[in-house]
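Okay, structure first, notes after.
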Amino acid sequence: MRVPAVGAPRLIARPIDANAIASLAQRGWCVVPKWLDPPSTAALLADAIALDAPCARNAAVGSHDARGVDTQVRNSRLCALYPPPPPSAGFADTRMALYSAAAALREHLQAEESLGLPEMHPFQTELSYLYYPKGGFYKRHLDVPPTNDGWYLRTRRPEHGGSGRGVRRALSFILYLEESWREEWGGALRIFEEGEPARGTDSVQVEGVHAVGENYTDVVPHGGTLVILRSDRIEHEVLVTKRPRRCIVGWFRSEGKIQLDPL
């Protein structure tokens, strides 16, 4: 799949194959090694590095209405790509190609009837560069908070004269940018099987994936690897990294009228 943008370099992504779609449908997550080719990955990494100093801020935790920085839970920095950074910062043409690639991915996944996804609004995508310093991590969590079943308002509450419409994360995705990453450098993504507590020590190496025990899988952050998770079902964590690393994180969100918890 070639994803051009006007005046921008191409990002060359391979299709999400039937096995990955089946894993996403049945287990709630999938891993696509080498989704992006090395030149495309390198172009995004260069943009992420260029935007670190001018745009990145400490990444927050918590629900939309009660977010804050807690370095005991999460140690990373984030540069939001929606709304876009200034065109003069980094490599804007590369980001334009990334926006097109994200839109093509959303359309592809939306069309897969076996996934049973809610309608993911084209203008409700979250997209960011994420920077983990040496010693960075993110403890086990779910991307949809429990408050209001994961929905958050985009207008005022109905009792305050608003429409009560909001958005909710449907799919989470991570794209790794560091080529030639070694497993001993840490920083893996640990994906927990749905509804399972953490346990297990035995491991087996699969292409781009380090499966551990019966109930979680460690994904080594090799550049170009794409991970997709059901935001409301799959708990995950980022293990401590022994050297800095960068990736792209994003969420495709649905939109609708919501049932709010009492004030």
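Can you find a residue that is buried (at least 17 other Cβ atoms within 10 Å of the Cβ), modelled with pLDDT of 95 or more and not in a loop (DSSP other than H, G, I, E, B) anywhere in the range 146-158?
The first filter runs over the range 146-158 and keeps only residues buried (at least 17 other Cβ atoms within 10 Å of the Cβ), leaving 148, 150-153.
With the extra rule that they be modelled with pLDDT of 95 or more, the set shrinks to none.
Within the range 146-158, none of the residues are buried (at least 17 other Cβ atoms within 10 Å of the Cβ), modelled with pLDDT of 95 or more and not in a loop (DSSP other than H, G, I, E, B).
Mind checking whether some residue in the range 58-71 is open to solvent by less than 70 Å² (accessible area, probe 1.4 Å), at pLDDT below 95 and in contact with an Asp or Glu (Cβ under 6 Å, 6 or more places away or on another chain)?
Scanning the range 58-71, I find at least one residue that is open to solvent by less than 70 Å² (accessible area, probe 1.4 Å), at pLDDT below 95 and in contact with an Asp or Glu (Cβ under 6 Å, 6 or more places away or on another chain), so the answer is yes.
Any residue at all in the range 223-232 that is crowded, with 21+ Cβ neighbours inside 10 Å, at pLDDT 95 or above, part of a strand (DSSP E or B) and in contact with a Gly (Cβ under 6 Å, 6 or more places away or on another chain)?
For the range 223-232, residues crowded, with 21+ Cβ neighbours inside 10 Å, at pLDDT 95 or above, part of a strand (DSSP E or B) and in contact with a Gly (Cβ under 6 Å, 6 or more places away or on another chain): present.
Take the range 22-34 and flag every residue that is open to solvent by less than 10 Å² (accessible area, probe 1.4 Å), of a type outside the set (A, V, I, L, M) and at negative phi.
Here is the first cut: in the range 22-34, the residues open to solvent by less than 10 Å² (accessible area, probe 1.4 Å) are 24, 28, 30, 32.
Imposing the further condition that a residue be of a type outside the set (A, V, I, L, M) reduces the set to 28, 30.
Of everything in the range 22-34, just one residue is open to solvent by less than 10 Å² (accessible area, probe 1.4 Å), of a type outside the set (A, V, I, L, M) and at negative phi, namely C30.
When only residues in the range 234-263 that are under 29 Å from E107 (Cβ atoms), at pLDDT 95 or above and not in a strand (DSSP E or B) count, which is least open to solvent (accessible area, probe 1.4 Å)?
The residue in question is I234.
Within the range 39-52, identify whether any single residue is modelled with pLDDT of 95 or more and among the hydroxyl-bearing types (S, T, Y), and answer yes or no.
yes
Which ones in the range 97-116 are open to solvent by less than 30 Å² (accessible area, probe 1.4 Å) and more than 16 Å from the chain's Cα centre (by Cα)?
We begin by selecting, within the range 97-116, every residue open to solvent by less than 30 Å² (accessible area, probe 1.4 Å); these are 97-98, 101-102, 104-106, 109, 115.
Result: A97, L115.
Could you grab the pairs with beta carbons closer than 6 Å, sequence gap of 6+ or different chains, first residue in the range 169-187 and in a strand (DSSP E or B), second one open to solvent by 50 Å² or more (accessible area, probe 1.4 Å) and of a type in the set (K, R)?
G186/K242
The values are calculated or read from the model by the stated rules, or taken from the named source; none is laboratory data. Not measured: the values here are computed from a predicted model. Neighbour counts are summed over all protein chains in view; Cβ atoms, including those assigned to glycine, are modelled from backbone coordinates with ideal geometry. Each accessible area value is taken on the protein alone, full model and side chains, heavy atoms only, with ligands, DNA and RNA left out. Shrake-Rupley method; radii C 1.70, N 1.55, O 1.52, S 1.80 Å.
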